[in-house]
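The values are calculated or read from the model by the stated rules, or taken from the named source; none is laboratory data. If you're wondering where the values come from, they're calculated on a predicted model, not measured in any experiment. Methodologically, a virtual Cβ is constructed for each residue, glycine included, from the backbone with ideal geometry; neighbour enumeration extends over all protein chains shown.
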Amino acid sequence: MILAEAVKTIKPGGELVYSTCTFAPEEDEQIIAWLLETYPQFEIVPIDKPAGIVDGRPNWADGNPDLAGTARLFPHLMKGEGHFVAKLRLNAPLVAEQKVRTETSHTSKEESLLFKQFVAETLSPAFQYESKRLLTFGEQLYYMPDHMPRLEKLRVVRPGLHLGTLKKGRIEPSYALGLALKPEEIKQKLEITPEEWQLVVHGDIFKRDDLPIKKGWVRLVCEDQPIVFAKVVGNTVKNFFPKGLRFKV
């Protein structure tokens, strides 16, 4: 049931609005009666009812008088096709549903070591992280927010900050990480000109003789704005600007 999953997203003090476009008590008052019985931490918040909007019908469910705080919109009393609305507030945690990921890491030892090596080589001591908040989806490495709820049975686009892509024996830092890091968290940065920026966003490489390192990752910066991580090899700056975002100026 959609409502059973929706309640898991509500924090204490949060409110949930349930609305249907049917007259059927089985989908209206009876659903709210079920929710209150199953999750007693919820209470009905009475809805203001302008002319034409009437109370929900407790006798069409389990007789709970609080159900009168819900609202019915009948087409013979006001313009419209007819609706039901209930507003609920969560007063206490849903203990059974508030498990958080705090006890284990969600990466292999090898994956954690790869990221640790990347941090040691590329980032400064100002960058701090908790290994238990690392999470891999396929070849992608993420950093979960603190107190992330369990994601089982949920489809998510991004479970946190995208750190990078896991390759054989290395990590390619992500575009998101290149933008998210503070200046003091980066070991090496490379100031580029607007002309070099045009090459970067188009996906081209460029060469410089004054690079800060001979090999490794640097963050490209143009006019004080972070752009992306790039790989330095000799005097060549290899481009990792995302293919899907590239454009020609």
* To do: Could you check E191 against (1) surrounded by 14 or more Cβ atoms within 10 Å (Cβ to Cβ); (2) in contact with a Cys (Cβ under 9 Å, 6 or more places away or on another chain); (3) among the acidic types (D, E) and say which number it fails?
  => (1)
* Asked: So which strands (runs of 3 or more DSSP E) stay within region 3-66 end to end and still have 1 or more residues that are in contact (Cβ under 8 Å) with a residue 40 or more places away in the chain and touching a strand residue (DSSP E or B) at 6+ places or on another chain (Cβ under 8 Å)?
  -> 15-20, 42-44
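Taking L16, is it closer than 30 Å to H147 by Cβ and either touching a Phe, Trp or Tyr at 6+ places or on another chain (Cβ under 8 Å) or of a type in the set (D, E) (or both)?
yes
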* To do: Name every residue in region 210-220 that is assigned to a strand (DSSP E or B) and β-branched (V, I, T), in order of residue number.
  => V218
* Kindly check whether there is at least one residue in region 119-133 that is buried (at least 18 other Cβ atoms within 10 Å of the Cβ) and in contact (Cβ under 8 Å) with a residue 60 or more places away in the chain. => yes
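For the structure I just gave you, tell me whether I44 is modelled with pLDDT of 95 or more and either of a type in the set (A, V, I, L, M, F, W, C) or not assigned by TED's automatic domain parsing to the domain that holds F84 (or both).
yes
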* Structure fact -> If we ask which residues in region 157-209 are of a type in the set (V, I, T) and not in a loop (DSSP other than H, G, I, E, B), their number turns out to be 5
* To do: Of all residues in region 41-74, count the ones that are in contact with an Asp or Glu (Cβ under 6 Å, 6 or more places away or on another chain) and either over 19 Å from I31 (Cα atoms) or aromatic (F, W, Y) (or both).
  => 1
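For residues that are in contact with a Ser or Thr (Cβ under 8 Å, 6 or more places away or on another chain) and surrounded by fewer than 18 Cβ atoms within 10 Å (Cβ to Cβ), scanning just region 137-188, find the one that is farthest from V218 (Cα to Cα).
Of everything passing the filter in region 137-188, H147 is farthest from V218 (Cα to Cα).
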* Asked: So which of D48, D55, D62 ends up being surrounded by fewer than 17 Cβ atoms within 10 Å (Cβ to Cβ), closer than 25 Å to E5 by Cα and acidic (D, E)?
  -> D62
* Asked: Within region 138-159, is there a residue that is out of contact with any Cys (no Cβ under 6 Å at 6 or more places or on another chain), at pLDDT below 95, farther than 30 Å from I10 by Cβ and not hydrophobic (A, V, I, L, M, F, W, C)?
  -> yes
* Could you check how many residues of region 107-156 are within 30 Å of L94 (Cβ to Cβ) and part of a loop (DSSP other than H, G, I, E, B)? => 15
